[in-house]
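Q: This is the structure, below, for whatever I ask next.
The values are calculated or read from the model by the stated rules, or taken from the named source; none is laboratory data. Model, not experiment: these values are computed from the prediction. Methodologically, a virtual Cβ is constructed for each residue, glycine included, from the backbone with ideal geometry; neighbour enumeration extends over all protein chains shown.
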Amino acid sequence: MNHPASPRSVVAAGAPVLALLLYCGLAFYQLPLPGFYYDEALDLPPTLQLAHGQSVELASKDPGVTILGATFPLMILDYLGAVNTYLLWPVFAAAGASWLTVRWFEVAVSAVVVSLSYRLARAWFGPAVAAVAALLVAVNPSFVFWSRMGISVSSVMSLCSLGSLLAIRRWKRTGRGYWLGATGLLLGIGLWAKFLFLWWIAALAVAYALVEWRRWRPSRERLARGEILGLHWKAWGWGALGFIAGAGPLIYYNALTGNTIAILADALNAPTSYGVNNRQILDNLKAALDQLRIFLDGSYFWYNGEIQSNPWAYPIFWVSLALTAGLMWGWASDVRRRAAATTIIVGAIVFQSAFTVSGIWATHLYILAPFLQIIVALAGMGAWQWAARRRSPLQWLPRAAGALLIAGLFAGDLATTWRYHATLAKYGGLGRFSDAIYKLADYLDENQITSPAMLDWGLAKNILILTDGRVQPVEIFGYSPEPPPGFKSAVEAYLCAGCAFVNVDQAYAVFPRDDAFRQFAAEAGYEVVIEESSIFRERSGQAAYVVYRVRPGKNAP
């Protein structure tokens, strides 16, 4: 047999549609919850300006590029490109900026990821494995809740990773060079979207080197034919052209500034801004494996109100990995190579996730969907087929084991995802993730508070998008543990009768500025006023956000 599971059943045929329906049902349900978060809007202010025909305000280090008198952004951060900025431009132009347009777009992108997951798994391993993998991805709590919040362009990177593999397959089947150009283009766009996509490129290189090592070994005959590492120079040329086109903005940005390369060098020589020392390899690998556990069991989402998890997910993965490694030697050579490539990609990305310019977080592993689920599907369906080839009264044992792996992960993940929805219905999100952000944005908009001063992080860009640009907050807090030297003058610049300052409740402070703000206002002769209507609470009653008004006090100048 060519595949570890060859039966084509009605269930397998309908599984991709069922997977899409399951995913969309779970992702669209309670779509406003948790509240629209700052990082969801991180790369969208330029999108809003482009959609409104306004001049684009570039990030502080971004030189941008000027075309026909208009300036366009290249990067949002040194390692985060403006891909989402441009993808959402026509969406904002057609439907306006809001939490609804952003999250609908993100869910739609991730629905395509589910579809591509099925197509790749089917092409590599057949319809049964593809059906199981797609269903497992569709209900995974990490995939569902991160995809609908668009965490740091993760969905776009998954489109690029899966698309690159499918483009390579098309090239192998047709021999047409432009498919390698498409592969290079997708790899370049992924790298521009976020520099950690380099993990994917490196993982592909490692998988190719280990699985296809016989092809890339040099010889005189191959060199005479123009082959380098198993590919003709024309194929390399197609791929290089596509890659340069996709990563062009990132390349141009670094040609002008060198900032991305600089932060990589800094990360190797000193702890990152989140305290990760990349020289502590064993400690970082341990942390990376723990983040893999969190990604698999779904225990990341504290901000939904309560942490839920599937306690069987992590052990099921490791059992499936071991079972796949044992079973693959009985599969056809092409299927065995693909199964080996799948496990190598997973291992390479988890290993690389221990090296970072920021923090070691489970969000960085989003790109592993659907490969983690494919491994479970390979183990479960492979055990079923292995038993089918043996006429034994005990053949039900491996079949039951395979079914238990798949059913245990599916049922556990589905139950965990649903418990998170129940938690969201109860809490609406905590802190900066509270759905109170919508009432805050409406309050500022309705009271025509168009330029409130923000006293802490996490409030400006999301409010800008929620009000379609009618409220344009100004961040004055400064990114340092203590109030920076310019904080006092920033406060004084916004002191006037009726002027508004916005802050999070001090229970959720990232950069505590409340005491300093009150002190500087008092020294300038102003009184801080808090109206009950300007306190925005979580569903539990805990304050999440507050709007301060100031008015001249008795000692006002």
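Q: Please determine, by comparing only the residues of segment 477-491 that are buried (at least 16 other Cβ atoms within 10 Å of the Cβ) and under 28 Å from the mean Cα position of the chain (by Cα), which one is nearest to Val528 (Cα to Cα).
A: Per the stated criteria, the residue is Phe477.
Q: Let me ask you something else. Could you grab me the full set of residues in segment 458-476 that are within 24 Å of the chain's Cα centre (by Cα) and more than 21 Å from Ser434 (Cα to Cα)?
A: Selection gives nothing.
Q: Among the residues of segment 248-263, which ones are surrounded by 16 or more Cβ atoms within 10 Å (Cβ to Cβ) and among the β-branched types (Val, Ile, Thr)?
A: Within segment 248-263, Ile251, Thr257, Thr260, Ile263 meet the criteria.
Q: Of the numbered conditions (1) of a type in the set (Val, Ile, Thr); (2) part of a helix (DSSP H, G or I); (3) within 30 Å of Tyr427 (Cα to Cα), Thr342 fails exactly one; give the number of that condition.
A: The one condition Thr342 does not meet is (3).
Okay, residues lined up against (1) outside any loop (DSSP other than H, G, I, E, B); (2) surrounded by fewer than 19 Cβ atoms within 10 Å (Cβ to Cβ); (3) modelled with pLDDT under 95:
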residue: Asn503; (1), (2), (3): yes, no, no
residue: Ala507; (1), (2), (3): yes, yes, yes
residue: Ala516; (1), (2), (3): yes, yes, no
residue: Glu527; (1), (2), (3): yes, yes, yes
residue: Glu531; (1), (2), (3): yes, yes, yes
residue: Ser534; (1), (2), (3): yes, no, yes
residue: Tyr548; (1), (2), (3): yes, no, no
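Q: Does Ala339 satisfy the condition of being under 25 Å from Tyr37 (Cβ atoms) and modelled with pLDDT of 95 or more?
A: no
Q: Just a yes or no: is a residue in segment 412-423 touching a helix residue (DSSP H, G or I) at 6+ places or on another chain (Cβ under 8 Å), under 30 Å from Asn278 (Cβ atoms), crowded, with 18+ Cβ neighbours inside 10 Å and not aromatic (Phe, Trp, Tyr)?
A: No, segment 412-423 has no match at all.
Q: On to the next question. I need the helices (runs of 4 or more DSSP H) fully contained in segment 391-492, keeping only those with at least 2 residues that are at pLDDT 95 or above and among the charged types (D, E, K, R).
A: Ranges flagged: 396-427, 436-446.
Q: Moving to a separate point now. Among the listed residues Ile294, Ile244, which satisfies the condition of being modelled with pLDDT of 95 or more and within 22 Å of Ile151 (Cβ to Cβ)?
A: Ile294
Q: Please return the ranges of helices (runs of 4 or more DSSP H) entirely within segment 112-218 where 3 or more residues are of a type in the set (S, T, N, Q), touching a residue at least 40 places away in the same chain (Cβ under 8 Å) and within 28 Å of Pro34 (Cα to Cα).
A: The qualifying helices (runs of 4 or more DSSP H) are 154-174.
Q: Just give me the residues in segment 201-241 being at pLDDT 75 or above, over 19 Å from Leu162 (Cα atoms) and exposed (fewer than 13 other Cβ atoms within 10 Å of the Cβ), in sequence order.
A: Within segment 201-241, Lys234 is the sole residue that qualifies.
Q: Look through Tyr274, Tyr314, Tyr253 and report the one residue that is aromatic (Phe, Trp, Tyr) and touching a strand residue (DSSP E or B) at 6+ places or on another chain (Cβ under 7 Å).
A: Matching residue, one of Tyr274, Tyr314, Tyr253: Tyr253.
Q: Still on this structure: Out of the residues in segment 277-308 that are in a loop (DSSP other than H, G, I, E, B) and among the small types (Gly, Ala, Ser), state the one that is nearest to the chain's Cα centre (by Cα).
A: Ranking the candidates gives Gly298 first.
Q: Another question, then. Could you say which residue among Asp297, Asp283, Asp266 is of a type in the set (Asp, Glu) and buried (at least 19 other Cβ atoms within 10 Å of the Cβ)?
A: Just a single option satisfies the conditions, and that option is Asp297.
Q: Here's another thing I want to ask about it. Does Ser353 fit the bill of being within 20 Å of the chain's Cα centre (by Cα) and modelled with pLDDT under 90?
A: No: the conditions fail for Ser353.
Q: If Val474 meets every condition in (1) surrounded by fewer than 22 Cβ atoms within 10 Å (Cβ to Cβ); (2) among the aliphatic types (A, V, I, L, M); (3) touching a residue at least 24 places away in the same chain (Cβ under 8 Å) apart from one, which number is that one?
A: (3)
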